[in-house]
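Participant: Just dropping this structure here.
The values are calculated or read from the model by the stated rules, or taken from the named source; none is laboratory data. Since this is a predicted model, take the numbers as computed values, not measurements. Cβ: placed from backbone, ideal geometry, glycine included. Neighbour counts: every protein chain shown.
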Amino acid sequence: MSVQQTMTTTTPLPDVLALDEQAQDLLFREARTANAFTDEPVSDEQLAAIYDLVRWGPTAMNSQPLRVVLLRSEEARARLLPHLAEGNRAKTAQAPVVAVLAMDLDFHEELPRVFPHAAGLRDRLDADEDARRSTALLNAGLQVGYAILGIRAAGLAAGPMTGLDAHAVTREFFPDGRHQVLAVVNIGHPAEDAWMERLPRLPFEDAVTLL
């Protein structure tokens, strides 16, 4: 069954978006969370292109706290699998690439380079761990969303997951104590049976208040 065949019917909206409909469908309407993948590989060039797109998404103070470990080998994925919820293990073992996404709690060390006009900001955040943590959590979370869209923009399917022992995964792949894992995303070409039945989304009138 094609992605289009699994779509629920929605009322057409006026064409007021700058992005053409094909791109809208690729990123949102026809994009799905994949639960199975083919054995077609994902190249290093594709992964680099995805990151190069994702890095332009906005973050507070241009902080860019997301850090990524990409797992391609069976040995690397074997280190991850025991720390995933049981229902997430088979599809992660099958995915060509698995991204472990974490926030860098010491992102402020890069601020003199990425936000150079704010003199003293690095030192102020160095003295305020709570502010660093909350800033890292919000903005790395934004970047996780950007990463999912970047994967879709490459014509690939993303399978984001939070069913995992995040502390154990952090210890395994980020043992320096500076990081905290937020999510794992399987990346690849979707298999025929990749999709679950599409679930409903809240309409505008149920989610948005205009004042």
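Participant: Which one is surrounded by the most Cβ atoms within 10 Å (Cβ to Cβ), of the residues in segment 45-79 that are over 17 Å from the mean Cα position of the chain (by Cα) and farther than 19 Å from ALA140 by Cβ?
Facilitator: By that ranking, first place goes to ARG77.
Participant: On to the next question. With the requirement that a residue be of a type outside the set (Val, Ile, Thr) and either surrounded by 21 or more Cβ atoms within 10 Å (Cβ to Cβ) or touching a Cys at 6+ places or on another chain (Cβ under 6 Å) (or both), what does segment 133-145 give you?
Facilitator: Scanning segment 133-145 gives ALA136, ASN139, ALA140, GLN143.
Participant: I'd like the full set of residues that are of a type in the set (Phe, Trp, Tyr) and either outside any loop (DSSP other than H, G, I, E, B) or in contact with a strand residue (DSSP E or B) (Cβ under 7 Å, 6 or more places away or on another chain) (or both), limited to segment 184-211. Explain how you work it out, then say what you get.
Facilitator: Restricting attention to segment 184-211, the residues satisfying the condition of being of a type in the set (Phe, Trp, Tyr) are 195, 204.
Result: PHE204, single match.
Participant: Okay, moving on. On the given criteria, is ASP15 under 21 Å from the mean Cα position of the chain (by Cα) and either assigned to a loop (DSSP other than H, G, I, E, B) or at pLDDT 90 or above (or both)?
Facilitator: Here the answer is no, as ASP15 does not meet what is asked.
Participant: Which of the residues spanning segment 184-201 are more than 16 Å from the chain's Cα centre (by Cα), buried (at least 19 other Cβ atoms within 10 Å of the Cβ) and either of a type in the set (A, V, I, L, M, F, W, C) or within 18 Å of ARG79 (Cβ to Cβ) (or both)?
Facilitator: Answer for segment 184-201, where residues must be more than 16 Å from the chain's Cα centre (by Cα), buried (at least 19 other Cβ atoms within 10 Å of the Cβ) and either of a type in the set (A, V, I, L, M, F, W, C) or within 18 Å of ARG79 (Cβ to Cβ) (or both): ALA194, TRP195.
Participant: Could you list, in sequence order, the residues of segment 109-123 that are touching a residue at least 24 places away in the same chain (Cβ under 8 Å) and surrounded by fewer than 20 Cβ atoms within 10 Å (Cβ to Cβ)?
Facilitator: Result: GLU110, VAL114, PHE115, ALA118, LEU121.
Participant: Moving on to the next point. Check whether at least one residue in segment 62-73 is closer than 23 Å to ALA194 by Cα, in contact (Cβ under 8 Å) with a residue 60 or more places away in the chain and in a loop (DSSP other than H, G, I, E, B), and report yes or no.
Facilitator: no
Participant: Still on this structure, please answer the following. Which pairs turn up if I take residues in segment 90-108 that are under 26 Å from ASN35 (Cβ atoms) and look for partners that are polar (S, T, N, Q) and modelled with pLDDT under 95 with beta carbon separation below 6 Å, at least 6 apart in sequence or on another chain?
Facilitator: From residues that are under 26 Å from ASN35 (Cβ atoms), the pairs are LYS91/ASN35.
Participant: Hey, among the residues in segment 173-183 that are in contact with a strand residue (DSSP E or B) (Cβ under 9 Å, 6 or more places away or on another chain) and assigned to a loop (DSSP other than H, G, I, E, B), which one's surrounded by the fewest Cβ atoms within 10 Å (Cβ to Cβ)?
Facilitator: Selected residue: ARG178.
Participant: Please enumerate the residues belonging to segment 145-160 that are within 16 Å of VAL97 (Cβ to Cβ) and touching a Leu at 6+ places or on another chain (Cβ under 7 Å).
Facilitator: Applying the first criterion (within 16 Å of VAL97 (Cβ to Cβ)) to segment 145-160 yields 147-148, 150-160.
Answer for segment 145-160, where residues must be within 16 Å of VAL97 (Cβ to Cβ) and touching a Leu at 6+ places or on another chain (Cβ under 7 Å): ALA147, GLY150, ARG152, ALA153.
Participant: For segment 83-125, how many residues are in a loop (DSSP other than H, G, I, E, B) and within 20 Å of VAL68 (Cα to Cα)?
Facilitator: Count: 4.
Participant: Now for a separate question. Check whether at least one residue in segment 126-145 is without any contact (Cβ under 8 Å) to a residue 12 or more places away in the chain and assigned to a loop (DSSP other than H, G, I, E, B), and report yes or no.
Facilitator: Yes, some residue in segment 126-145 is without any contact (Cβ under 8 Å) to a residue 12 or more places away in the chain and assigned to a loop (DSSP other than H, G, I, E, B).
Participant: Checking THR33 against (1) at pLDDT 95 or above; (2) under 20 Å from the mean Cα position of the chain (by Cα); (3) not aromatic (Phe, Trp, Tyr), only one condition comes out false. Which one?
Facilitator: (1)
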